[in-house]
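These notes concern the structure reproduced below.
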Amino acid sequence: MGRRRKSRGRAVDGVFLLNKPPGISSNSALQQVRRIYGAAKAGHTGALDPLATGMLPICLGEATKFSQHLLDSDKRYITTAKLGIRTDSSDADGEIVEQKPVPDNLSRAQIEALLIEHFSGQIEQVPSMFSALKHQGQPLYKLARKGIQVEVKPRQVTIHEIRLTDLREDELDLEVFCSKGTYIRSIVEDLGHLLGCGAHVSMLHRLDVGEFKSEQMMSLDELREKVPENAGESEQKGIQTELDKLLLPAWAAVADLPAASLDQKQSDLILHGQSVVQDSYPEGSMVRLFTAAETPRFLGVAEVVEQRFKPKRLVCTEDDQ
């Protein structure tokens, strides 16, 4: 099995659930968490726009190997739609492109009927030109800011649940539980079109990502409070220990996968990239692998192929160096 590459920062592994503040990019938030932890390696799982807040899982060290699993997870959002105003980005950070009066007779029943008919189950939506999707290697939002328009093909997404939680004169609140790749801005834009007045996102907050729930999040300010200013070298180790206690384990990103224990011989084979026989898990399934020890050690993720565990993603630790 490969060893850790030497790089700046320390080898710390785990998942930090950040409650991203408004006004900064996901990458900026990632870098701030990375600096606080002094981590050699970090990555986030699913960008949030600067306007958006909420759940941004930050994977550190070996946890980055499983970030794709979180990208593929279902998400839950709450959002506020401002009626009567369309913007070029479909959110409050964009330029106003159209204003129309909001119908006087809008009712909850009317909106709920539209949500059921047009935004429930499998739907097709056209992502915004201000999304992070790429066209010939360039993010669409960069092209849009240059005034370059390209064809964006519709994509199929799944809306597991969508609820109208409040309706005011020119605003409405929604809660949306959806599959990966769903653009809440597109839902709001399309709903505004159906209502005949246009709409844009004025607030967007991500509550959940996969198995991670909103009550587990911590803000940047709360994290910074854990790091006293001008801490001496003698204090640094204790601070790092306390910070590391805030992390979920590296396998938390794949916590929804079943877990299997391997004896010493099987573990050694897996760690050398070889498959081992199993007879408990269905063909094609993905499984978390642990050593069968008093304190189990996470080895990585394997796929079941022809009744064998075939290693897919293995983790490195200091013990492997």
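The values are calculated or read from the model by the stated rules, or taken from the named source; none is laboratory data. Just so we're clear, the structure is a prediction, and the values are computed from it rather than from any experiment. We place every Cβ from the backbone using ideal geometry, glycine too, and count neighbours over all the protein chains shown.
Checking each residue in region 90-123 for being exposed (fewer than 14 other Cβ atoms within 10 Å of the Cβ), within 18 Å of I159 (Cβ to Cβ) and of a type in the set (A, V, I, L, M) picks out A113, I116. Here S214 meets each of (1) closer than 17 Å to T45 by Cα; (2) touching a Phe, Trp or Tyr at 6+ places or on another chain (Cβ under 8 Å) with one exception, condition (2).
Within region 261-283, residues that are in the same structural domain as K310 (by TED's automatic domain parsing) and charged (D, E, K, R) have Cβ atoms under 6 Å from residues that are in a strand (DSSP E or B) and surrounded by 13 or more Cβ atoms within 10 Å (Cβ to Cβ) in these pairs: E283/V304, counting only partners at least 6 apart in sequence or on another chain.
Scan region 165-224 for residues that are of a type in the set (A, V, I, L, M), assigned to a strand (DSSP E or B) and touching a Leu at 6+ places or on another chain (Cβ under 9 Å) and report the count. Before you say what the answer is, go through the steps one by one.
Going residue by residue through region 165-224, those that are of a type in the set (A, V, I, L, M) are 167, 172, 174, 176, 184, 187-188, 191, 194-195, 199, 201, 203-204, 207, 209, 217-218, 220, 223.
Subsequent filtering for residues that are assigned to a strand (DSSP E or B) retains 167, 172, 174, 176, 199, 201, 203-204, 207, 209, 218.
When the remaining residues are screened for being touching a Leu at 6+ places or on another chain (Cβ under 9 Å), the result is 167, 172, 174, 199, 201, 203-204, 209, 218.
Selection size over region 165-224: 9.
If you check G14, G43, G61, G54 for being surrounded by fewer than 20 Cβ atoms within 10 Å (Cβ to Cβ) and touching a strand residue (DSSP E or B) at 6+ places or on another chain (Cβ under 7 Å), only one passes: G43. Is it the case that Q266 is outside any strand (DSSP E or B), loosely packed, with under 14 Cβ neighbours inside 10 Å and among the polar types (S, T, N, Q)? When the stated conditions are applied, Q266 does not pass them. Per the conditions (1) modelled with pLDDT of 95 or more; (2) in a helix (DSSP H, G or I), the sole criterion not satisfied by A253 is (1). Answer yes or no: is there a residue in region 43-55 that is under 17 Å from Q240 (Cβ atoms) and within 12 Å of the chain's Cα centre (by Cα). Taking every residue of region 43-55 in turn, none turns out to be under 17 Å from Q240 (Cβ atoms) and within 12 Å of the chain's Cα centre (by Cα).
Checking the structure you have, find out if any residue of region 269-286 is more than 30 Å from V188 (Cα to Cα) and touching a Ser or Thr at 6+ places or on another chain (Cβ under 8 Å).
Taking region 269-286 and keeping what is more than 30 Å from V188 (Cα to Cα), we get 269-286.
Add one more test, that the residue is touching a Ser or Thr at 6+ places or on another chain (Cβ under 8 Å), and what stays is 269.
Yes: one or more hits.
Per the conditions (1) at pLDDT below 95; (2) surrounded by 15 or more Cβ atoms within 10 Å (Cβ to Cβ), the sole criterion not satisfied by D74 is (1). Region 22-124 holds helices (runs of 4 or more DSSP H) entirely within its bounds, and those carrying 2 or more residues that are of a type in the set (D, E) map to 108-118.
Within region 83-126, track down each residue that is among the β-branched types (V, I, T), over 23 Å from D49 (Cα atoms) and touching a residue at least 12 places away in the same chain (Cβ under 8 Å).
Scanning region 83-126 gives V102, I111.
For P127, the conditions (1) modelled with pLDDT under 95; (2) surrounded by fewer than 17 Cβ atoms within 10 Å (Cβ to Cβ) are fulfilled apart from (2).
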